[in-house]
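First up is the structure itself, then whatever we jot down about it.
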Amino acid sequence: MKKRAASLAAKAAVLFAAGALYFLFVSITGYGIPCVFHSLTGLYCPGCGITRMVMSLMNTDIRGAVRYNAAAFFTLPFFVAYFIRHSVLYIKNGEPFLPNLAERVALYIIIAVFLVFGAARNIALFIG
């Protein structure tokens, strides 16, 4: 159990460090990873604005975070809870991340929300 916890903590530390470095890079330069879909089509993908959303959250600008990507903002608590739950289960039992039926249904709903969000934000471009 300690070995699994240490392994998971090491992986989380690497992800956290990469995120912190990316945050610093974007904060200093103002440049983020460009969206390939937007570059090719001129349309916004469901993930467009997530970097700006996270930057806004880091600066405690909730309104800005919602404005940049509402779908990601409102589903973020689910993903945090999902990651924590499965991390605890992995540490306790050594089981891989296998979502139960309720989690699978929630994941499908979130995928649908992102698809509808992606379509809606582009329809607004043509209407407005």
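A quick yes/no check of all residues on (1) under 12 Å from the mean Cα position of the chain (by Cα); (2) within 27 Å of ALA5 (Cα to Cα); (3) of a type in the set (D, E, K, R):
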{"position": "LEU40", "(1), (2), (3)": "no, no, no"}
{"position": "ASP61", "(1), (2), (3)": "no, no, yes"}
{"position": "LEU76", "(1), (2), (3)": "yes, yes, no"}
{"position": "VAL80", "(1), (2), (3)": "yes, yes, no"}
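Quick check, is LEU76 more than 26 Å from PHE114 (Cβ to Cβ) and in a helix (DSSP H, G or I)?
No.
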Top-ranked residue of the stretch 76-100 - restricted to ones that are among the β-branched types (Val, Ile, Thr) and farther than 24 Å from ILE50 by Cα, ranked as surrounded by the most Cβ atoms within 10 Å (Cβ to Cβ): ILE91
Single match in ALA70, ALA65, ALA18 (criterion: closer than 30 Å to LYS92 by Cα and under 16 Å from the mean Cα position of the chain (by Cα)): ALA18
Pairs, first without any contact (Cβ under 8 Å) to a residue 60 or more places away in the chain in the stretch 104-123, second assigned to a helix (DSSP H, G or I), C-beta under 6 Å, six or more apart: ILE110/THR75; VAL113/ALA71
Any hit, the stretch 2-22, residues being surrounded by 14 or more Cβ atoms within 10 Å (Cβ to Cβ), of a type in the set (A, V, I, L, M, F, W, C) and over 22 Å from ALA70 (Cβ atoms): yes
Of all residues in the stretch 1-55 being touching a helix residue (DSSP H, G or I) at 6+ places or on another chain (Cβ under 7 Å) and over 29 Å from ALA112 (Cα atoms), the one that is modelled with the lowest pLDDT: MET1
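The values are calculated or read from the model by the stated rules, or taken from the named source; none is laboratory data. As the structure is a prediction and not an experimental result, all values here were calculated from the model. In this analysis, Cβ positions are derived from the backbone assuming ideal geometry, glycine residues included, and neighbour counts consider all displayed protein chains.
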